[in-house]
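Before any comments, here is the structure.
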Amino acid sequence: MTAPAKKPAAELNFEAAMDRLEAIVEEMEGGKMPLEDLIVRYEEGMKLVKVCQERLASAEQRIEIITRNHAGKPVVKPFEPKAETNASSAPPETARNENDEVRLF
């Protein structure tokens, strides 16, 4: 089973990389692929995940937030993503009552 020639992952835009990644997941979930093909698809998928992450990081750096200054004029300032919080700085869990629902998926 040979696939048509594809653009190298580095040349794909975010949407094309996501589309290909979704197609790979569907193929792999089909359960009809030999192990070797699954491994090849997995490797391709991991490269595509990296491309998507790079494209998102690049887009995040380009985002600018438009705000208004004290005079009401638009001011453009660079986007500053919130720092990720770690477990030690997370707020303590509140007590659960009997009506709280817990879901795993």
| request: May I ask you to compute the full-extension gain from E54 to K77, defined as 0.36 nm times their residue separation minus their alpha-carbon distance, rounded to one decimal in nm? | output: 6.1 nm
| Given labels modelled 7 Å from the Cα in the Cβ direction, how far is it in nm from R62 to E29? | 3.0
| Charge tally in the Cβ shell below 13 Å around E26, where Lys, Arg are +1 and Asp, Glu are -1, E26 excluded | -1
| field | Principal axis box of the range 9-62, alpha-carbon based, largest edge first, Å | value | 42, 15, 15
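Values quoted throughout were computed directly from the atomic coordinates according to the rules given, and no laboratory measurement underlies them. Only a predicted model underlies this, so the values are computations on that prediction, with no experimental measurement involved. Every residue, glycine as well, gets a Cβ built from its backbone with ideal geometry; the counts of neighbours run over all protein chains shown.
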